[in-house]
Structures are given as structure tokens and as C-alpha cells.
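Enquirer: Before I ask anything, let me first share the structure, which is written out below as C-alpha cells.
No lab work stands behind these numbers, since they all come straight from the coordinates. For clarity, every value in this text was computed on a predicted model and none was experimentally measured. Neighbour counts run over all protein chains shown; Cβ positions are idealised from the backbone, glycine included.
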Amino acid sequence: MSQFSMAQAKRIIVKVGSSLVTNNGRGLDRAAITGWAEQMAALKKAGKEIILVSSGSIAEGIKRLGWAERPKEMQELQAAAAVGQMGLVQAYETSFSEQGLQTAQVLLTHEDLSDRHRYLNARSALRTLLKWNVVPIINENDTVTTEEIKFGDNDTLGALVANLLEADVLILLTDQNGLYTADPRRDAQATLLDEAQAGDAALEAMAGGAGSSIGKGGMLTKVLAAKRAARSGASTIIANGREENVLLRLAANEKIGTRLVARMVPLLARKQWIADHLQVAGQLFLDDGAVRAVVREGKSLLAIGVVRSEGSFNRGEVVACCNEQGQEIARGLVNYHADGVQKILGQPSNKIGEILGHLEEPELIHRDNLVLTQNNNITFD
Ligand code: GLU
């Protein structure tokens, strides 16, 4: 298992569950929200990037509408979410602005993250918010989702956001202490699991069934979310959000709750994912200088070193990098659409904005998104 140090994590996704944020459905727990906002502000001051994923819109909507129980009809759930989301973001905005921090509401659907264009748009907008030091507050866009296109629960959404932003850690705050070896309500022998490897199949058996009636996610969704987060190298911590200063103590490497550790560090996981692509969407042919820069000097690929491009790839797709003789030397995620690449071939990076009318990135393929594949031996640097 890779050594996981919470103290070293830079980009952190914090997910807060419905029961926790709405005080078990009794109404928004403002004191708790203020406490988390204070802790997140302190973490930001210490140089961490924080993205908040919060559930609670439906639970809060139900409370505000004065209903005794959760409605069953889809349109009523969608409408309740619209009512509750108002309260949810208002509460967060108030608490974060007391800390001098701006917030941004981001509502996503499953379709947004499965469509390549919308995925890249969401990623660029979220990265921009982080650059501006704004705290994104994400929830599922419950008002427009139906059963078929739902993430279904915010644990999964949190994991997908961890993948999207290549986060280091996903913290799932819940009203339970972590993952137990069995359901503690039924089995007196159940003990809290301290640490395990994310994706270990035994965890799914342990977690099966234990859940809450307020939100959608139980322990099983958390274990599955950890498995998903680990694909991009993020480790997951499941901890009790009511624990005093839980985020600060976790950041100081205190062992609270359950850690589901990713096998690979994020960068390596992403490179593995790139290397795993069986098919490439296109080919870039590099001059000798660019081949040397990429292979020997560990540099990013710049447009100036590319002599020819083939294929109709989109921005963010995997392309092969070949030498002028056509031999593949590397693979990477390309920052420009094929048509754009044709126009900037052989051009210096500072001309890209002028030629295309916009600048996505100065590199054609950033080093972090480039894997050497020379002689069919995948090497990670
Ligand atoms: N998006 C839903 C809400 O805000 C919650 C889903 C969940 O409980 O995980 O109410």
C-alpha cells in the first residue's frame, strides 16, 4: 500500500452527508456548518485547495415545505430539492463569508460528467474557481435529474469530482464513525476499521446494507466511491462530521474514522490510465528536437516541435506521439482539438493565442499527462 499522508494532501474534496448537514432532517445545522467552514478556511490558509460537495437539498426542502416524510414522486423530489438548495447554499455562503471566503454554487448531473465537452468545461470552470481562491459548493442538479441519469448519491458524485480534479483525498463526512467490520447495530463484535486498501473486495461485503434513511448514501456507496476515487489516485477517509475539529485533526494526520488508501499516487494513476488506452484518437509527429526533449529531458510537448498531425481528436483525448519515422515514443492527453493543432504546428507557444483566438494551455501535451511508450515498454517518470 502506498504511504498516504493526509498532511501532504494538497487538493481535498470534502463531502458532507444529508443527515449531518440537516441535523437528521430537523433543519440545517448552522453551528456545524460554521464549524466546517472555519476549519476549511484554516486549511485553505495552510495552502490546501478545498472543494465542498454537500447533500441536503431534498432533506432541507422537505423540512421547509413542512412535510412529514420524503415524497415518492420524482417531480416532488425535484421540486423539494429546488427549495432546499436555496437554504443550503445560503447557509454555506454566510458561514464562508464570515471567514472572508467567496463561494460558488455548482450543480452537476451525470450527463455533465459523461459528456466529454461538458466534462472539460466543468473541469476548467472548477479549476478557475480554485485559482481565484473561491470555494466551489457542489451538489447534484436534482431538479433536472431522473432515475436514469442520476449519480444517485453524493458519495459517487464526490468520487467523480475527485477524478475530475485529480484530487489527493476525498473526505466523506457522515454521522457514523467510519466503516465497521460488520453492522454495529446488529453485531456486538463489530469493530471500526482503521485502514484498508481502496477497492479491496472484502470491504464491499463489510459495508453491505448499513445506511441512513435521510440521505441516499450508506457505507456501501462510500466503499464504492473510495474505489472510484482511487482510480485517479485519491485516497478516501470516512469520518464522523460531528467529531470536534475533524478536518483539522485529519489534516494533522490524526487517525480518525476509516482510511481507504489508493494504491497509486495521483500522478502515477493518471499515467497508468493514459497508458491503458488501447486506442488513440490521433497521432502527432515530432521533430528530433522534440523527441529528445520529451524522451531524454522529461519536458512537455510544445507545438513548435510537431511537424504533422493525423486523426480527428478532441481536446482531452489520448494521442500517440511518434518520431518522424512513425515510431511511437509516447502517449498523452492533448490540450487542443485536431483542427486547432493543424493551425499551430511548428509555432511557438506565445503565438497560439493570436493564431487560434484563445489559449487553452501553453503546452500541446503537459508533462504530467505524457507517458513514454518507446519500444512498447511503458516507463513512468
Ligand atoms: N443530492 C441529494 C440532496 O442534496 C442527496 C443525495 C445523497 O444523499 O447522497 O438532497
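Enquirer: Rg over Rh of the range 145-209, using C-alpha atoms and the Kirkwood radius, what does it come to?
Expert: 1.02
Enquirer: Another question, if that's okay. Can you compute the helix-only [θ] at 222 nm over the chain? Use -39500 (n - 2.57) per DSSP H run of at least 4 residues, normalise by all residues, nearest 500 deg cm²/dmol.
Expert: -11000 deg cm²/dmol
Enquirer: Ok, one more. Looking at this model, which pairs from LYS15/LYS227; LYS10/LYS343; LYS15/LYS44; LYS15/LYS255; LYS15/LYS45; LYS45/LYS255 are more than 25 angstrom apart at the alpha-carbon?
Expert: Table pairs above 25 Å Cα-Cα are LYS10/LYS343.
Enquirer: Any idea what log10 I(q)/I(0) is at q = 0.14, 0.16, 0.20 Å⁻¹ for the range 2-148, Debye with uniform C-alpha scatterers and no solvent?
Expert: Reported log10 I(q)/I(0), two decimals: -0.72, -0.91, -1.25.
Enquirer: Run the simple label-point estimate for TRP132 and LYS72 please: 7 Å along Cα→C-beta, distance reported in nm.
Expert: Each label point is offset 7 Å from its Cα along the Cβ direction, giving 4.4 nm.
Enquirer: Still on this model: With everything on Cα atoms, drop me the angle between helix 30-45 and the longest principal axis of the chain, reported from 0 to 90° to the nearest 10.
Expert: The two axes meet at around 30 degrees.
Enquirer: Would you mind checking the radius of gyration and Dmax of the chain based on alpha-carbon positions, in Å?
Expert: 22.5, 71
Enquirer: Something else now. Where Rh denotes the Kirkwood radius from the mean inverse Cα pair distance, what is Rg over Rh for the range 235-381?
Expert: 1.14
Enquirer: Which order do ASP155, ASP115 fall in if you start with the one that has the fewest other Cβ atoms within 10 Å?
Expert: Arranged by neighbour count, lowest to highest, ASP155, ASP115 become ASP115, ASP155.
Enquirer: Under 10 Å, Cα contacts only: if you run a Gaussian network model on the chain, which one of GLU73, GLU93, GLU140 comes out with the highest mean-square fluctuation?
Expert: GLU73
Enquirer: I need THR146, THR236, THR258, THR373 ordered by Cβ neighbour count within 10 Å, fewest first.
Expert: THR146, THR373, THR258, THR236
Enquirer: Something else now. For the range 261-331, what class follows from the C-alpha gyration tensor (a ≥ b ≥ c being the square roots of its eigenvalues): rounded when a/c is under 1.5, otherwise prolate if a/b is larger than b/c, else oblate?
Expert: It comes out oblate by the Cα gyration axes.
Enquirer: Right, here's the next one. How would you rank LYS255, LYS48, LYS10, LYS63, going from fewest to most other Cβ atoms within 10 Å of each one's own Cβ?
Expert: Going from sparsest to densest Cβ surroundings: LYS10, LYS255, LYS48, LYS63.
Enquirer: Let me ask you something else. Suppose we look only past 11 Å in the calculated P(r) of the range 35-78. What percent of the Cα-Cα pairs does that tail hold?
Expert: The calculated P(r) of the range 35-78 puts 73 percent of pairs beyond 11 Å.
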